[in-house]
Every structure is written in C-alpha cells, then in structure tokens.
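First comes the structure, then the notes that go with it.
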Amino acid sequence: MESPMNKLTTSFAIAVSLSAGLALTGCGATTSSSSDSNTNSASPTKEAAQAPDLTGTWKQTNSASKDSYQEAEITGDVITINWVSNGGDTKSIYWVGTFTAPTDASTPYVWTSTRDKEATKSALLSSQDDTKKLTFQDDTISYSASMLGTTTIMRLKKD
C-alpha cells in the first residue's frame, strides 16, 4: 500500500509536469495577422549576427613578460600598434596603418593594413613593411611581427 506522503509527492510531480508542458506549449503558439501572406508557415526568424566592433584597446596575450608586450588601439579607420615596456611607462611605435572594419559577423575576418609612412618614419622600432595582414578570429587579433630576424605571431585580446 502506498503511503499518503508518496501519493502527495507523485501527485505534485504530475501536476508540475503538466503545468510545465502547458506553459511550454503556450510559448510555442503563433499568432496570425491579416497582413501575413503565408499563414501556414511558422518558421522562427533568426536575428542577423552583428559585425564585431573592433575599436578600442587590445593587449598581447602571448608575451613572455607581463611588463613588455604589444598593445594596439583601433580608432576610426586607423590601427596603431606600440611596443610597451616598463610596465606600461614606455611606448614605442611599431605600426600605424589603415583599419577596415568588418561589415558582417563571418570569421575569420582578414584585412590588409597599409602603413602610414609619415607616422612611422622616425620610429626606430617600427615595422618598415608597406602592408601588414591582420586576422580577427575567436575574439583575438593576430599578425606577424618581426624584429632583428625573429618573427613572432602576436595575439591580442580586447583590454
């Protein structure tokens, strides 16, 4: 014989299940409008994914030192990349170039930045490449940086 407590627990579980089922069914109901051209389809509409906003400050995540790294700032149609040292007290220009913002959410997003020769001509630690290929994927901007015959892939995340 079933105890009164077991009956109560079972009844409560059934009531909760039925209530949840009815509530979920109600959420899935569609309404039709007289302006609908096709009343037979109830396909869900997906909001279009937005293009990422890359403006702001980005900091290198794969530096061997917490006090020496690269930092990028994207404002408008310009990207500026600096070598940062002394815990942020010293900044030296590595790259100043064009930035083209993504127009959709597809990744990887790759753009070619053209160096601003006037802005980098007197910077001793700047890249002398005419262009630089940068990639945005998985919330990270990456590019190759070369200095004294050594090339490293820089990976930066938004600060």
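Summary table
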| quantity | calculated |
| --- | --- |
| Residue match in the stretch 76-97 (condition: touching a residue at least 40 places away in the same chain (Cβ under 8 Å) and either farther than 19 Å from residue 56 by Cα or outside any strand (DSSP E or B) (or both)) | no |
| All positions within the stretch 139-156 that are surrounded by 10 or more Cβ atoms within 10 Å (Cβ to Cβ), at pLDDT below 95 and hydrophobic (A, V, I, L, M, F, W, C) | 147 |
| Boolean, residue 59 is basic (Lys, Arg) and under 17 Å from the mean Cα position of the chain (by Cα) | yes |
| Residues of the stretch 101-138 that turn out to be under 25 Å from residue 85 (Cβ atoms) and either modelled with pLDDT under 95 or not in a strand (DSSP E or B) (or both), as a count | 14 |
| Criterion violated by residue 53 - all others in (1) surrounded by 11 or more Cβ atoms within 10 Å (Cβ to Cβ); (2) more than 16 Å from residue 146 (Cα to Cα) satisfied | (1) |
| Identity of the residue in the stretch 64-90, of a type in the set (Val, Ile, Thr) and under 20 Å from the mean Cα position of the chain (by Cα), that ends up surrounded by the fewest Cβ atoms within 10 Å (Cβ to Cβ) | 75 |
| Enumeration of residues in the stretch 91-112 that are under 24 Å from residue 68 (Cα atoms) and either under 25 Å from the mean Cα position of the chain (by Cα) or aliphatic (A, V, I, L, M) (or both) | 93, 94, 95, 96, 97 |
| Verdict on residue 100 being free of Cβ contacts under 8 Å to residues at least 24 places away in the same chain and farther than 21 Å from residue 146 by Cβ | yes |
| Pairs, first on the phi > 0 side of the Ramachandran plot and in contact (Cβ under 8 Å) with a residue 12 or more places away in the chain in the stretch 107-132, second exposed (fewer than 12 other Cβ atoms within 10 Å of the Cβ) and not in a loop (DSSP other than H, G, I, E, B), C-beta under 7 Å, six or more apart | none |
| Number of positions in the stretch 127-159 that are in contact with a strand residue (DSSP E or B) (Cβ under 9 Å, 6 or more places away or on another chain) and within 21 Å of residue 66 (Cα to Cα) | 18 |
| Residue 130 among the charged types (D, E, K, R) and loosely packed, with under 12 Cβ neighbours inside 10 Å | yes |
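The values are calculated or read from the model by the stated rules, or taken from the named source; none is laboratory data. In this text the structure is predicted, and so the values were computed from the model without any measurement. Every residue, glycine among them, receives a Cβ derived from its backbone with ideal geometry; neighbour counts consider all protein chains shown.
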